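Here the structure comes first, spelled out in structure tokens, and everything after it is commentary.
The values are calculated or read from the model by the stated rules, or taken from the named source; none is laboratory data. None of these values were measured; they are calculated from a predicted model. Quick reminder, even Gly has a Cβ in these numbers, built from the backbone with ideal geometry, and neighbours come from all protein chains shown. Surface accessibility is based on the protein's heavy atoms, side chains included, excluding ligands, DNA and RNA. Shrake-Rupley method; radii C 1.70, N 1.55, O 1.52, S 1.80 Å.
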Amino acid sequence: DTMTTLLYGIPNCDTVKRARTWLESNGVDYTFHDFKKQGIDEKMLRAWLKHVPLATLLNKKGTTYRALSDADKTRAESEAGAIALMQTSPSLIKRPVLDRDGKVSVGFSADGYAALF
């Protein structure tokens, strides 16, 4: 199996922990990318947005989004503005992001992962 599996997220996030546990218990080899330490670039965000809508990738339910100024919330409505904000505050990205050979999915559910692998 030469598929590459990349998991993007934050180590202490519960959803990311569940995804990592699922991958490990199902014997999936993956590389973990920590947003907080390693950041995220615009090119990567744009690539993901070809697969998932901005409304899915941008986590509007989290405390990070709620803490944004009204001006930033307005900026987040445009793709360019949202990309800039997600680079500055990776916590705005819904987690985890799974990239399996260029197929991107956001969030975690055991059923969803079972369908992918």
Scan (1) open to solvent by 80 Å² or more (accessible area, probe 1.4 Å); (2) in contact with a Gly (Cβ under 9 Å, 6 or more places away or on another chain) for the single condition His33 breaks and write down its number.
(1)
Condition test on Phe117, is it of a type outside the set (Asp, Glu), open to solvent by 50 Å² or more (accessible area, probe 1.4 Å) and in contact (Cβ under 8 Å) with a residue 60 or more places away in the chain?
yes
So which residues in segment 75-114 are open to solvent by 30 Å² or more (accessible area, probe 1.4 Å), touching a residue at least 40 places away in the same chain (Cβ under 8 Å) and among the acidic types (Asp, Glu), if there are any at all?
Asp101
Scanning segment 56-74 for residues that are over 13 Å from Met86 (Cβ atoms) and in a helix (DSSP H, G or I), which turns out most open to solvent (accessible area, probe 1.4 Å)?
Arg66
Note on segment 75-92: residues in a helix (DSSP H, G or I) and small (Gly, Ala, Ser) are Ala80, Gly81, Ala82, Ala84, Ser91
Go through (1) open to solvent by 40 Å² or more (accessible area, probe 1.4 Å); (2) not in a strand (DSSP E or B) one by one and return the number of the condition Leu45 breaks.
(1)
Collect the residues in segment 1-21 that are assigned to a loop (DSSP other than H, G, I, E, B) and loosely packed, with under 15 Cβ neighbours inside 10 Å, keeping them in residue-number order.
Asp1, Thr2, Met3, Thr4, Pro11, Asn12
